Amino acid sequence: MSISIQQVRKNFGNFSALNDVSLDIPSGELVALLGPSGCGKTTLLRIIAGLETPDSGSIHFHGKDTTHEDVRERQVGFVFQHYALFRHMTVFENVAFGLRVRPKQTRPSDAEIRSRVQELLQLVQLDWLADRYPPQLSGGQRQRIALARALAVEPRVLLLDEPFGALDAKVRKELRRWLRRLHDELHVTSVFVTHDQEEALEVADRIVVMNKGNIEQIGTPEDVYQHPANAFVYQFLGNVNHYQVQVSQGKAQIGHQLFSAEKGAQDGLATAFIRPHDIEISKPTRGNVRGKQDAAFKATVSHVLPVGPLVRVELKVSDNDRILEAELSQEKYQALAIKQDDEVLITPKRVRIFAEPS
Amino acid sequence: MDWQQFWHTVTTPRVVASYRLTFGAALIGAIINAGFGLLTAWVLTRYQFPGKRLIDALVDLPFALPTAVAGIALTAIYSTNGWVGSLLAPYGIKVAFTPLGVVVALTFIGLPFVVRTVQPVLEDLEQEVEEAAASLGASRWQTFRKIISPAIFPALLTGFSLAFARAIGEYGSVIFIAGNMPMKSEITPLLIITKLEQFDYAGATAIAVVMLVISFVLLLTINLLQWWANQRNKNGA
């Protein structure tokens, strides 16, 4: 089931949640709506579900206009951040709910409901919990039950609103891999909302990056990470250093190195973006501060955080006291043997200077 | 007073009629309150309208108003020349000085109990749970019946029993509107007072004991029902 969103606009009072957003979601894809909180991603998801109505614009499911269809008629599976399970019903009854509320003519028999629910509980690997009540389950289990419940009605589209947002980091990682595998099995068109770029990059076929009610970029995870369309996307998909530079004739100087800005960049002040892992650190060897390492510039180590697979180093640029953050592998860190207050030389390997004013 | 005298005192037709009125009217009042209280709580939590805060505050009025004032005010409103009474009179409906008046008074004093117990539970109900039910295809009625009502039932039962208990013991507001005609609109607490005024302390105590026993049994039953409802819900809580 493909979904087509055309020129959708939604305001809440004076706040504009969506500004004429258009988006096409091909059948069978797993798409992530990614953005900071308040960017309109949840509103867009709720409009697709029919839980909100757009002020203008339209939603089409497989070419059919469903803009004015109620959520009850849309046949969507919706998974909420806080599960929204029915607390007074067993897990089994929760999953069976969507089948039991069907009108008599289309309602499956009790035996059919039983086998269908069992099947779904097996799919989410929780068939042994059928007789428990939701409050007796862990967060991860609840969310899997919520997913089974949504799948019970054989939805044409599966919509997930920050499905792993309320879970702790470890469970979240497990569940998102599991969701990916499940999607590969079922191939139901799915849209999920997240503010976690790592989650979106890992799980989705395509990522829709949103900001302030607009879509900034649509692309595969690789696309948006390697070729961010603008400064917002670049900043949002990972840590980044901001560095004020002077652009003249499309070039900017950082240290003793010239970097070219994007096409169309105006002369004047601009912000250069440098990923922490794109900063190379070396020790000054005697006498060659300005020698063969011409591109490098001096900085002082102001802080070292040596935990985790990557060591984070905070650097203070000697010329202008700006703070840069660098990341290096444990090996490199051991080899360099730097500590606080050391003088080092740094070389940015890759720099992005976007054309837009920042 | 021996057993025979006791039995005679508490089973005279006038006294029996008063039990029927007291418990019957209290029960009807509490049932009406369960319905209207739920409706009031629902409107106060789900809808925005001008004057909502005022209405919310007015719900507590029966708590604060001296019962005698409530009784006199209700009598004035429902008597055949009062605001409401004059509208009902052409249809042959008399409220003041009839058992119906007793029901009206007991409903008035019991309303806040239901509203104030159900309202917080309704406020706590997650919107998402209802949306989940809707996305699974449940109609509004199915959502109410299968999702909302199990959640609010224990609170509604509590509100109902509080309103019922209060109505059984109510004296001040009823005696003004009831008219206090023996066999017709005389409540048991009034009979107790009457006996006390006649210095028949033993008779007053006998009737009071019967009231006490019936009230106790009724409230015990309701509490058991509540316990059962909570138990059923606890699996989910």
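Taking the criterion of being facing chain B (nearest Cβ under 7 Å) and not basic (Lys, Arg), the residues of the stretch A:93-103 that qualify are A:97, A:98, A:101. Taking the numbered list (1) open to solvent by less than 60 Å² (accessible area, probe 1.4 Å); (2) farther than 30 Å from residue A:149 by Cβ in turn, residue B:57 passes all entries but (1). Screening the stretch A:1-87 for strands (runs of 3 or more DSSP E) wholly inside it with 2 or more residues that are farther than 28 Å from residue A:140 by Cβ and open to solvent by 10 Å² or more (accessible area, probe 1.4 Å) returns the ranges A:3-12, A:15-25, A:56-61. Only one of the numbered conditions (1) in contact (Cβ under 8 Å) with a residue 60 or more places away in the chain; (2) open to solvent by 30 Å² or more (accessible area, probe 1.4 Å) is violated by residue B:11, and that is (1). Across the stretch A:140-162, the qualifying residues are those that are in contact with a Phe, Trp or Tyr (Cβ under 7 Å, 6 or more places away or on another chain) and open to solvent by 50 Å² or more (accessible area, probe 1.4 Å), and the one among them that is nearest to residue A:195 (Cα to Cα) is A:142. The set of residues in the stretch A:211-227 that are open to solvent by less than 10 Å² (accessible area, probe 1.4 Å) and of a type outside the set (Gly, Ala, Ser) contains only A:224. Scan the stretch B:137-153 and tell me whether some residue there is small (Gly, Ala, Ser) and under 19 Å from the mean Cα position of the chain (by Cα). Checked the stretch B:137-153: no residue is small (Gly, Ala, Ser) and under 19 Å from the mean Cα position of the chain (by Cα).
In the stretch A:114-139, which residues are surrounded by 19 or more Cβ atoms within 10 Å (Cβ to Cβ) and more than 10 Å from chain B (Cβ to nearest Cβ)?
Here is the first cut: in the stretch A:114-139, the ones surrounded by 19 or more Cβ atoms within 10 Å (Cβ to Cβ) are A:117, A:120-121, A:124, A:126, A:129, A:133-134.
Within the stretch A:114-139, A:117, A:120, A:121, A:124, A:126, A:129 qualify.
Residue pairs whose Cβ atoms lie under 7 Å apart, separated by 6 or more positions or on different chains, with the first residue in the stretch A:254-272 and on the phi > 0 side of the Ramachandran plot and the second at pLDDT 80 or above, are A:268/A:247.
Figure legend. Inter-residue proximity from the stretch A:73-92: first residues more than 7 Å from every other protein chain (Cβ to nearest Cβ), second residues acidic (Asp, Glu) and surrounded by 19 or more Cβ atoms within 10 Å (Cβ to Cβ), beta-carbon distance below 8 Å, spacing 6+ or different chains. Indicated pairs: A:79/A:161; A:81/A:161; A:81/A:162.
When each of A:191, A:171, A:208 is tested for being within 25 Å of residue A:85 (Cβ to Cβ), buried (at least 18 other Cβ atoms within 10 Å of the Cβ) and aliphatic (A, V, I, L, M), the lone residue that passes is A:191.
Can you tell me which residue in the stretch B:38-54 is nearest to residue B:109 (Cα to Cα), limited to those that are without any contact (Cβ under 8 Å) to a residue 12 or more places away in the chain and surrounded by 12 or more Cβ atoms within 10 Å (Cβ to Cβ)?
Among those residues, the one meeting the criterion is B:39.
Look at residue B:195 and say whether it is more than 28 Å from residue B:109 (Cα to Cα), open to solvent by 10 Å² or more (accessible area, probe 1.4 Å), of a type in the set (Lys, Arg) and in a helix (DSSP H, G or I). The answer is no for residue B:195. Is it the case that residue A:308 is in contact with a helix residue (DSSP H, G or I) (Cβ under 8 Å, 6 or more places away or on another chain), of a type in the set (Gly, Ala, Ser), surrounded by fewer than 17 Cβ atoms within 10 Å (Cβ to Cβ) and not in a helix (DSSP H, G or I)? Here the answer is no, as residue A:308 does not meet what is asked. Filtering the stretch B:108-159 down to residues that are among the charged types (D, E, K, R) and at the interface with chain A (Cβ under 7 Å from one of its Cβ atoms), which residue is least open to solvent (accessible area, probe 1.4 Å)? So, considering only residues that are among the charged types (D, E, K, R) and at the interface with chain A (Cβ under 7 Å from one of its Cβ atoms), the one least open to solvent (accessible area, probe 1.4 Å) is B:131.
Could you tell me whether residue B:175 is surrounded by 23 or more Cβ atoms within 10 Å (Cβ to Cβ) and more than 14 Å from every other protein chain (Cβ to nearest Cβ)? Don't jump to the end; show me each part of the working.
On the way: surrounded by 23 or more Cβ atoms within 10 Å (Cβ to Cβ): no; more than 14 Å from every other protein chain (Cβ to nearest Cβ): yes.
Judged against the criteria, residue B:175 is not a match.
Please enumerate the residues belonging to the stretch A:295-305 that are under 31 Å from the mean Cα position of the chain (by Cα) and either surrounded by 14 or more Cβ atoms within 10 Å (Cβ to Cβ) or closer than 28 Å to residue A:252 by Cβ (or both).
Step one: filter the stretch A:295-305 for residues under 31 Å from the mean Cα position of the chain (by Cα), giving A:303-305.
Within the stretch A:295-305, A:303, A:304 meet the criteria.
The values are calculated or read from the model by the stated rules, or taken from the named source; none is laboratory data. Here the structure is a predicted model, which means the values were calculated and not measured. Cβ sites come from the backbone with ideal geometry, for glycine too, and all protein chains shown count toward neighbours. These accessible areas exclude ligands, DNA and RNA; they are computed on the full protein's heavy atoms, side chains included. Shrake-Rupley method; radii C 1.70, N 1.55, O 1.52, S 1.80 Å.
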